[in-house]
Amino acid sequence: MTKGLTTNDSMRIALIYNEPKHTEPEDHWLSRSRAEVELEHDFRDASEFGVLEEIQVIAQAIKDDGHDVLVFSVDDDIHRLITFLDKENPDLIFNLCEAVLGKASLEMPIAGIYELYDIPYTGSPAIALGIALNKGLSKAIFKAHDIPTPAFVIVDEEEFIPQDLNLAYPLIVKPVREDASIGIDNNSICADEDALEKRIAFVHKEFHQPALVEEYIDGREINVAVLAGESGKFETLPVSEILFDTMPAGNPRIVSYEAKWVEESPLYQTTIPKCPAELDVVTTEQARELALRAAAVVGLSDYGRIDMRLRDSDNALFVLEANPNPDISRDAGFMRAAGVKGYSHAQTIGAIVRCAMRRVRK
């Protein structure tokens, strides 16, 4: 991998992102731990603030290689984006837009606008963004392609019969169309029918969408980042793991929203990322092979991350979900894996941009 964003001609690259949509703290969707009560912001916004740290670093990396950079924030007025594209007509878009109007579901339509304008952009195409966001759809695709994933059911009715789910407890319940661990907390793990009914009702009420109910895999949390090389084909970066060894007693071994984003929380401080993961050679190769297959069937491009669980009882691997356009800030897991591979932050950004350059209009 060569350093920087090497190209023969200077390009006009628009760096498009979304401003975090901040709201007042609310008492709903998270179970209220002490750390949560003490904080003064809406935790759902925390996952979006990371993008603000990326912008200047990425813009500078692009400028250092001789390109013009246009930084644009998508806000609640989509007409501004249309006007911007009409006026500036950039050669390429570095897409950092993860939500609009506070809705992750609108990430896909924004990429669709780029496509309607025939402007190449970094990361996965609109269709892949939509598939990956819909956990039920992506898991059905995994299943259809013989990619192991936990047994699951989508519950979209207020009234349901728990026995009809035909799943083995414990179960984990998630909103079907959210990302960044939104809607996942300690109460997401259900050991019996009563807990399951309450959690499904909670998801329906607070997120106004179906609930994904899947068998909880008791084991290790690992992930594999993928990055396209010079040929455009994915290569796997070193396998990473989230360690739960020091997590407070009584907490389930999951990467909840609090554990992922609330820095003041004991759960955040005791879910420790490690790269490379300490895995045997066979398991490492299985994880890499599964990651490449999962990325392909969902349609990811340029870069992504595949989340998995490694079951304690038999070392079986299960793909949980595919993540297009994961966080690429300096301290993010994706960049940690790239660093272990030997790539600098600038080199990794360069690789992502060069993938999009192959799609530049002729």
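Read the figures in this text as sums done on the coordinates, not as results from a lab. In this text the structure is predicted, and so the values were computed from the model without any measurement. Glycine gets a Cβ as well: all are built from the backbone with ideal geometry, and neighbour counts include every protein chain shown.
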Next on the checklist: If a residue counts only when it is among the small types (G, A, S), which helices (runs of 4 or more DSSP H) contained entirely in region 75-163 have at least 2 such residues?
Outcome noted: 107-116, 126-133, 135-144
Checklist outcome for this item: Filtering helices (runs of 4 or more DSSP H) wholly in region 219-302 for at least 1 residues that are crowded, with 20+ Cβ neighbours inside 10 Å and within 17 Å of the chain's Cα centre (by Cα) gives 257-261, 281-298
Checklist outcome for this item: Screening A294, A332 for residues that are in contact with a strand residue (DSSP E or B) (Cβ under 9 Å, 6 or more places away or on another chain) and in contact (Cβ under 8 Å) with a residue 40 or more places away in the chain leaves only A294
Item to check | Residue pairs meeting the criteria (Cβ under 7 Å; at least 6 apart or on separate chains; first without any contact (Cβ under 8 Å) to a residue 60 or more places away in the chain, in region 132-154; second of a type in the set (S, T, N, Q)) | outcome: L133/S105; K143/T149
Checklist outcome for this item: Among I349, I306, the single one that is assigned to a helix (DSSP H, G or I) and touching a residue at least 40 places away in the same chain (Cβ under 8 Å) is I349
Next on the checklist: Going residue by residue through region 180-189, is there one that turns out to be hydroxyl-bearing (S, T, Y), part of a strand (DSSP E or B) and within 20 Å of the chain's Cα centre (by Cα)?
Outcome noted: no
